[in-house]
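The structure appears below as structure tokens.
The numbers here are math on the coordinates, done by the rules we state, and not lab data. In this text, all values refer to a predicted model and were calculated from it rather than measured experimentally. Note that we place each Cβ from the backbone using ideal geometry, even for glycine, and neighbour counts take in every protein chain shown.
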Amino acid sequence: MLKDVEDRRAAAAQLAAGAPLHSALDVADPADWLALDAAVREATWHHPQLLPRWEHSAPLPANLTQLDESRLALALCHREGRVRQQALHQLVRAPGLLPLVVIRCADWVGAVREHARLLLGETLTVDSALDLAPLVLRLGRRDRGAFGVDVLGWVLRQASTRQLAVLFAAPDRIVRRFAYRLAVEGRLLGPVELARVAARDQDTVVQDLCATAVLAALSDDHATEDVLFPLLSARNPRVRSAGVTALRRAGLSKRAEPFLGDRSALVRACARYVVRQQGSDPAVWYRKRCTATDDAELPPGAVIGLAECDNRADAALLRPLLVHPAAGVRAQAVAGLRSLECVDAEQLRPLLDDPAAGVVRETAAALLPSAKALPAGWLLERTGSQWPRHVRVGAFRLLDARGGIVALRAAVGLLEDADTKLRTWASQSVQRWHPSPDERRGDAQVGELLDRSRHLFSDYVLRRRKWEAGVNS
């Protein structure tokens, strides 16, 4: 692989000396072809003629008809359009240089570009298209690169599923996306294969593409366990939601109930839709789960799912869960109360000391509208280094939202904190601080705090802040 400038220069020099292509670059790597194309024209700026280094040792002859494959590759990448166009006429002798024809299809010289496109359209076959797909698709992101992608699509639409399988396994996700789009468009894969790809592939675009295609292709006869299980057990929420939707089409809506408590809001919403379509009320299921006294495995998704039913009366069922032994349940109970706009600041305040970071994060978010009503001293104490980091972050988030001299005092106190992120956040808080209109002007403490953070301001801005606070500079 041509990793750096020197590697690219060396490859061009080797080809100029007659070395075979496969020894100078990795012919299967599209990045190497693109690097070679750039290296051949690369100017050596310290040389008075500004010519690429290889041209001084082995310049191309005026007549290109006798060139071997290696030096013809140099001609195809030459800085002069006339030479590149002349080299294209010699391609019949060197089919191994088809990747450079692909590159010339996006050439900036119109005559070269049109000739290369004509050649590509005439010579590209299914087999060569499979080999060139990564290069064509990479070039497709450039100006004038769309032609190659169009030709590639036209040729590969004639490929069989077995031939496209090479691209299904490609490490480049752009190639896999392209191949699966062709397969879906041509209906080359059945629901079972699409479901397995949706659950297996690591790229979310491929997952979503195949999951959507499953639903489009699904009929009652195809809604077998081979289709449903991969979808319902997938990690991607969009794929699981497709599986839940498929349950309704298969007449298995009852199986959607466990997904009412899924960790994903999208899956829960789909499950509620399916359950309602069969005539049931999801809220009944949620209430039953949230009030079961022996349910030690209460899924956090069931807690927030109850709030998503949007009945404020259900807040009474969420409040006892604030002391549930599972941190996830406590966090979602706070999030549910916030969603229902039923936050009691005094009830939630103790949860700012919770040992679970997720609970404190949700609690701080829920208490933001009540930040000014919380005891300032109590919050300031929790920014001290003796407290766990998540408690300090939650307390400072509320102090920052509170504003005024309390927020400034908390931020200045953290300017030299050992925690880099907290220190950065504190610096940003000081820089955007302005005195609150409801606080008295002329407080000497504000001047002291601003002086301690002088390094964060220009002299002009510091004087401006002090003037706003009524403090003498």
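Based on the Cβ-Cβ distance of A28 and A444, what FRET efficiency does E = 1/(1 + (r/R0)^6) give at R0 = 60 Å, to the nearest 0.05? Write down the numbers at each step before the final one.
Details: r = 73 Å, r/R0 = 1.21.
Approximately 0.25, to the nearest 0.05.
Using mean Cβ contacts within 10 Å as the protection proxy, how do 151-163, 195-207 order, highest first? Walk me through the intermediate numbers first.
Numbers: 151-163: 15.7, 195-207: 19.2.
Descending mean neighbour count gives 195-207, 151-163.
I need the phi-derived Karplus couplings for region 335-346: 6.51 cos²θ - 1.76 cosθ + 1.60, θ = phi - 60°, integer Hz, Gly and Pro marked x.
Couplings: 4, x, 5, 5, 4, 7, 6, 10, 7, 10, 4, 5 Hz.
Suppose we keep just the alpha-carbon trace of region 313-374; what are its Rg and Dmax in angstrom?
Both quantities, over Cα of region 313-374: 10.4, 30 Å.
Relative to the longest principal axis of the C-alpha atoms of the chain, give the angle of the C-alpha long axis of helix 126-139, reported between 0 and 90° and rounded to the nearest 10°.
On a 0 to 90 degree scale, this one is about 60.
Evaluated at 4 °C with a viscosity of 1.567 mPa s, what Stokes-Einstein diffusion coefficient in µm²/s does region 361-473 have when Rh comes from the Kirkwood expression over alpha-carbon pairs?
On the way: Rh = 14.3 Å.
Stokes-Einstein gives a translational diffusion coefficient of 91 µm²/s.
Would you mind checking the tilt of helix 389-402 against the longest principal axis of the Cα atoms of the chain, expressed as 0 to 90 degrees and rounded to 10?
That works out to roughly 80 degrees.
Taking R0 as 25 Å, what FRET efficiency do you get between D150 and R187 from their Cβ-Cβ distance, rounded to the nearest 0.05? Each step should come with its number before you reach the end.
Details: r = 21 Å, r/R0 = 0.84.
That gives a FRET efficiency of 0.75.
Net charge near V471: determine it from the other residues with C-beta under 14 Å of the C-beta of V471, scoring Lys and Arg +1 and Asp and Glu -1.
On the way: positive: R440, R441, R452, R454, R463, R464, R465, K466; negative: E439, D443, E448, D451, E468.
Net of charged neighbours comes to +3.
Using +1 at the C-beta of Lys and Arg and -1 at the C-beta of Asp and Glu, which of L260, L247, G140 has the Cα lying farthest in the positive direction of the dipole of the chain?
Going by the charge dipole, the pick is L260.
Could you go through region 449-456 in sequence order and give the Karplus-derived ³J(HN,Hα) for each residue, using 6.51 cos²θ - 1.76 cosθ + 1.60 with θ = phi - 60°, rounded to whole Hz, and x for Gly and Pro?
Along region 449-456, the couplings run 5, 5, 5, 5, 10, 4, 5, 8 Hz.
Once the Cα gyration tensor of region 145-197 is diagonalised, what are the square roots of 5 times its eigenvalues, in whole Å and ordered largest first, as equivalent ellipsoid semi-axes?
Details: eigenvalues 72, 32, 17 Å².
Equivalent ellipsoid of region 145-197: 19, 13, 9 Å, largest first.
Using Cα atoms only, what is the angle between the long axis of helix 420-431 and the major principal axis of the chain, expressed in degrees (0 to 90) to the nearest 10?
So the inclination is approximately 70 degrees.
In percent, how large is the relative contact order of region 189-280, given Cα pairs closer than 8 Å and 6 or more residues apart?
Computed over region 189-280, the figure is 24 percent.
Subtract the Cα-Cα distance of A356 and T420 from 0.36 nm times their separation in residues, and report this length gain in nm to one decimal. Show your work: numbers first, answer last.
On the way: separation 64, 0.36 × 64 = 23.04 nm, distance 2.11 nm.
Between A356 and T420, full extension yields an extra 20.9 nm.
Find which of A213, V284, L124 sits farthest along the positive direction of the dipole of the chain, computed with +1 on the beta-carbon of Lys and Arg, -1 on that of Asp and Glu, about the Cα centre.
V284
Could you tell me the calculated FRET efficiency between A292 and A345, based on Cβ-Cβ distance and R0 = 25 angstrom, to the nearest 0.05? Don't skip to the answer; put the middle values down first.
On the way: r = 29 Å, r/R0 = 1.15.
My answer for the efficiency is 0.30.
Separation of region 395-473 and region 144-169 by C-alpha centroid, Å?
That distance is 60 Å.
Would you work out the charge dipole size for the chain about its Cα centre, treating the Cβ of every Lys and Arg as +1 and the Cβ of every Asp and Glu as -1, and quote it to the nearest 20 debye? Kindly include the intermediate steps, with their values, before the conclusion.
Values: 64 positive and 56 negative charges, 178 e Å.
Here the size comes out at about 860 debye.
With only alpha-carbon atoms counted, please give the Rg and Dmax of the chain, in Å.
Rg, Dmax (Cα atoms, Å): 32.8, 90.
With unit charges on the beta carbon (Lys/Arg positive, Asp/Glu negative), name the residue among P375, A357, A315 whose Cα is farthest towards the positive pole of the charge dipole of the chain.
Selected residue: P375.
Can you work out D for region 189-280 in µm² s⁻¹ from Stokes-Einstein, where Rh is the Kirkwood radius over C-alpha pairs, the temperature is 37 °C and the viscosity is 0.692 mPa s? Spell out each step's value before the answer.
Numbers: Rh = 12.6 Å.
Rounded to a whole number, D works out at 261 µm²/s.
Using the 10 angstrom Cβ neighbour count as an exposure proxy, how do C309, C77 rank, fewest first?
Working: C309 18, C77 23.
Lowest to highest Cβ neighbour count: C309, C77.
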